[in-house]
Amino acid sequence: MMTMTNQKLQALFNTMTPKTSALMFPVLMLGGLMLSPSAHAALLNPSFEDGFDNWDIIGDVSIDRGDIGINPPFNNAQALLTTASLGADDSPADAGAFNFSGNSAVTTGSTPELETFLGLAPGALDMSPFLEGFEGSAIAQSFTVEEEEEDLTVSWNFLTNDSNSDFPFTPNSPRDYAFVVLDGEIFTILADTNSSSLASSSTVFERETGFQSLTLPTLSAGVHTIGFGVVDIQDNFATSALLIDIPPSSEQPQQTPEPTSKLGLFLLVTFGLVSFAKRRR
């Protein structure tokens, strides 16, 4: 791609006649600014103010505006993902009491709906051969990075009605958990039912971690996919959930013209003014 630095512009300016250079200098400086790289690409609709526009969703996924008892950290909306089906997940609660979208959580493991959605291998969400995934929900978005991006920070809160229990070969093992997938790999587990940060919740759920922050590494130029999910482990008797919100500053800026089109415009103006200067001489 052809570029012109300010040093090259200054060198060109120095070779011109005084009248021509005086006329051309402001235009050349403007051209140098016009040839700056396009704006970075980033997540679209990160804070969910436009619902799930630009996001793919699967399972029990809904927009929450504080209805479950905790307000979004940014603006007015947050994504709520749960492991709830439309059946009796949380006895003695009514069937579907913790399902907020009207869509059931999807299967994992041998029928890997959730893993397939996130680009993971079947069974990738199992914690061990004795702690298998049953069902869950997720959201994901693919986006293009044109240059190296600044770190992306995400706010999350894991909520659960589940508890740890002694299970054969795995005493006091964590059960349900929330996680992040980056480019087809599990990037991190945010929290599980054994997390030390869990405490009594003022929401409709029994326990929560409270909102915490996760900063992702700087992303290289190219196409990336990020996903957030929550999964039931070993049973579907109690619902867990994940709240996600991302600062609106992560929004993609308005794109500027491509460098090639700016170069053409710059050269056209430059040659026109040079011709005008010669005629004046």
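Looking only at residues that are at pLDDT 95 or above and surrounded by fewer than 18 Cβ atoms within 10 Å (Cβ to Cβ) in segment 171-188, which one is nearest to the chain's Cα centre (by Cα)?
Leu182
Within the bounds of segment 238-260, is there any residue that is at pLDDT 85 or above, among the polar types (S, T, N, Q) and more than 15 Å from the chain's Cα centre (by Cα)?
Taking every residue of segment 238-260 in turn, at least one turns out to be at pLDDT 85 or above, among the polar types (S, T, N, Q) and more than 15 Å from the chain's Cα centre (by Cα).
Please name all residue pairs, on different chains or six or more residues apart, with Cβ atoms under 6 Å, provided the first residue is in segment 152-163 and is crowded, with 24+ Cβ neighbours inside 10 Å and the second residue is among the small types (Gly, Ala, Ser) and in a strand (DSSP E or B).
Pairs found: Phe158/Ala178; Phe158/Ala191; Leu159/Ala241; Thr160/Ser240; Asp162/Ser240.
If you check every pair at least six apart or on different chains, which have Cβ atoms under 8 Å apart with a residue in segment 189-206 that is in the same structural domain as Thr239 (by TED's automatic domain parsing) and surrounded by fewer than 16 Cβ atoms within 10 Å (Cβ to Cβ) first and a residue that is part of a loop (DSSP other than H, G, I, E, B) and acidic (Asp, Glu) second?
Correct list of pairs: Ser200/Glu206.
I want to confirm something. Restricting to segment 104-119 and keeping residues that are touching a residue at least 24 places away in the same chain (Cβ under 8 Å) and either in contact with a Leu (Cβ under 8 Å, 6 or more places away or on another chain) or within 15 Å of Asn236 (Cα to Cα) (or both), which single residue is surrounded by the fewest Cβ atoms within 10 Å (Cβ to Cβ)?
Thr107
Quick check on Asn103: is it at pLDDT 95 or above, in a loop (DSSP other than H, G, I, E, B) and at positive phi?
Criteria not met by Asn103.
If Ile226 satisfies every condition in (1) in contact with an Asp or Glu (Cβ under 9 Å, 6 or more places away or on another chain); (2) in a loop (DSSP other than H, G, I, E, B) but one, which is the exception?
Every condition holds for Ile226 apart from (2).
Among the residues of segment 45-76, which ones are surrounded by fewer than 18 Cβ atoms within 10 Å (Cβ to Cβ), among the small types (Gly, Ala, Ser) and more than 14 Å from Leu242 (Cα to Cα)?
Selection gives Gly51 alone.
Just to be sure I understand the filter: pairs with C-beta atoms under 6 Å, separated by 6 or more residues or on different chains, first member in segment 48-63 and more than 20 Å from Ala84 (Cα to Cα), second member part of a loop (DSSP other than H, G, I, E, B). Which pairs pass?
Taking only residues 6 or more apart or on different chains, the pairs are Phe48/Ala77; Glu49/Asn75; Glu49/Ala77; Asp53/Asn45; Asn54/Leu44; Asn54/Asn45.
The values are calculated or read from the model by the stated rules, or taken from the named source; none is laboratory data. The structure presented is a predicted model; accordingly, all values stated were derived computationally and were not measured. Cβ atoms come from the backbone with ideal geometry, glycine included; neighbour counts cover every protein chain shown.
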